[in-house]
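Beneath this line is the structure, given in structure tokens, with notes to follow.
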Amino acid sequence: MKLIQTIKELQAALGECRAQGKTIGLVPTMGALHAGHASLVKRCVTENDVAVVSVFVNPTQFNDKNDLLKYPRTLEADCKLLEGIGATYVFAPSVDEMYPEPDTRHFSYAPLDTVMEGVHRPGHFNGVCQIVSKLFEAVRPDRAYFGEKDFQQLAIIREMVRQMHYPLQIVGCPIVREADGLALSSRNARLSAAERETALNISRTLFSSVEYAKTHTLAETKRFVEDAIAAVEGLELEYFEIVDGNTLQTVRAWEDTGYIVGCITVYCGEVRLIDNIKYKEETK
Ligand code: PAF
């Protein structure tokens, strides 16, 4: 495995791979890697000749300066993990390397990016699209891997790829959870032991709501989740939306569409956690 810090060096290395007819997979990350990232990288390693993992805490997608400052940075441990699971290249550029000048491009994929995170984190998805498009252009992967935990991000990146005609396949990978249900997130590292216990109520509530949904209306199920989270001291619900899994628009009744997902964002102390659950699976 090789650590690369400049686009020039990355492109030289990947140019050689491409000339040899090798396929290239990309896993974009912000580091502080955990088993969720590892599952993306393992899949990338299996499905491509060359697996590139980018580790870059992208400043343009943080609308909260404090969140950016506190974002965990663990490059050495990340490299160890990546080496152990067979990544070929780790691309860990500096901010100046990725943004030698301010990025003035504006990405907007309404209505996908005007709901949920789009409301609560203005500019976030613009920043995500800025960096992901730069990574796609630098790496030119055949496939790129993203987790379903960031459900809205995945939908927006799929749309960006569609509209920009990037010649690559987006592979969405299922959420990885701890044995007790907590969705893996780099932000979990910021939870105290007590907060982690409190945070467990998020996934527990989502799982119970799937059972509840079998015998209740969509509106009742939404209220069930909102009430359950409100009842937990230490959790503050930012939003819970039950949406169409493709359009991300609010659904009013279970029969309205064939793919239904509940997306939640909750503050546990100062840590903002997101999760989601499928009420109706996508039929392919
Ligand atoms: O999901 C993330 O970690 C980030 O949003 C991504 C896709 C790596 C872009 O910075």
Hits in region 174-194 (condition: open to solvent by 50 Å² or more (accessible area, probe 1.4 Å) and not in a loop (DSSP other than H, G, I, E, B)): Arg177, Ala189, Arg190, Ala193, Ala194
Among (1) within 12 Å of the ligand (Cβ to nearest atom); (2) open to solvent by less than 10 Å² (accessible area, probe 1.4 Å), the one test that Ala51 misses: (1)
Unique match (being closer than 14 Å to Thr29 by Cα, modelled with pLDDT of 95 or more and not β-branched (Val, Ile, Thr)) among Glu117, Glu148, Glu159: Glu148
Residues being under 12 Å from the mean Cα position of the chain (by Cα) and more than 13 Å from the ligand (Cβ to nearest atom) - total across region 112-150: 0
In region 152-165, residue farthest from Asn246 (Cα to Cα) [restricted to those that are within 11 Å of the ligand (Cβ to nearest atom) and of a type outside the set (S, T, N, Q)]: Ile157
Answer residue from region 1-36, given it is open to solvent by less than 70 Å² (accessible area, probe 1.4 Å) and free of Cβ contacts under 8 Å to residues at least 12 places away in the same chain and is farthest from the ligand (Cβ to nearest atom) among those: Gly21
Residue match in region 136-144 (condition: aliphatic (A, V, I, L, M), free of Cβ contacts under 8 Å to residues at least 40 places away in the same chain and touching a helix residue (DSSP H, G or I) at 6+ places or on another chain (Cβ under 9 Å)): no
Index of the failed condition, Cys17 passing every other in (1) closer than 19 Å to Val171 by Cα; (2) touching a strand residue (DSSP E or B) at 6+ places or on another chain (Cβ under 6 Å); (3) not aromatic (Phe, Trp, Tyr): (1)
Residues located in region 178-200, provided they are closer than 24 Å to Lys280 by Cβ and out of contact with any Asp or Glu (no Cβ under 9 Å at 6 or more places or on another chain): Gly181
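The values are calculated or read from the model by the stated rules, or taken from the named source; none is laboratory data. Keep in mind it's a predicted model, so treat the numbers as computed, not measured. No Cβ is skipped: glycine too gets one built from the backbone with ideal geometry, and neighbour counts run over all protein chains shown. Accessible surface is based on the protein model in full, side chains and every heavy atom, while ligands, DNA and RNA are left aside. Shrake-Rupley method; radii C 1.70, N 1.55, O 1.52, S 1.80 Å.
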